[in-house]
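Below you'll find the structure, written out as structure tokens, and then a few comments.
Values quoted throughout were computed directly from the atomic coordinates according to the rules given, and no laboratory measurement underlies them. It should be emphasised that the depicted structure is a prediction, and the values quoted were computed from it without experimental measurement. Note: ideal-geometry Cβ built from the backbone for every residue, glycine included; neighbour counts use all protein chains shown.
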Amino acid sequence: MLAAAREVFAEKGSTASTEEAAAKAGVAIGTVFRHFPTEQALLQALMKDLLHRLTARAETLTAPDADPATGIELQITDAVQPLRHEIEELLARAQHSGTVRRDIRPDEIIALLAGTCQAALHSTWNPDLQHRTLAIIFHGLGP
């Protein structure tokens, strides 16, 4: 189920639907909602799964018997890569309108998003902390 949802959301990004994930998995939408009562619950499960897979990959790369030639280079996973184009477009528009500094690059935005998401997943951020953290990030991006 999660594998099918991961594929759908990786392919379509934020326009993907729970119904499409159910169809890809070959199950009825009710089955999806029995396991994930809301779309947000499904997305949270996908993010936890992604974090688990990234952690496992990092552990493999840093194991004592790992090949040093491999290096520790964690790429944006296939699940996040489709967002790159949209991030580039939004960043270009914001820079053009003067609301974001011109020296900010897409890879920096992706790093901020990834780091913030991982931190939020590892702890329980209340809405106030979420708001304050995002305010600091947005302030730093401003001209």
- Given the C-alpha centroids of the stretch 85-141 and the stretch 6-40, what is the distance between them in whole angstrom? 26 Å
- Task: Please find the FRET efficiency linking residue 135 to residue 53, where r is the Cβ-Cβ separation and R0 is fixed at 25 Å, and quote it to the nearest 0.05.
- Result: 0.25
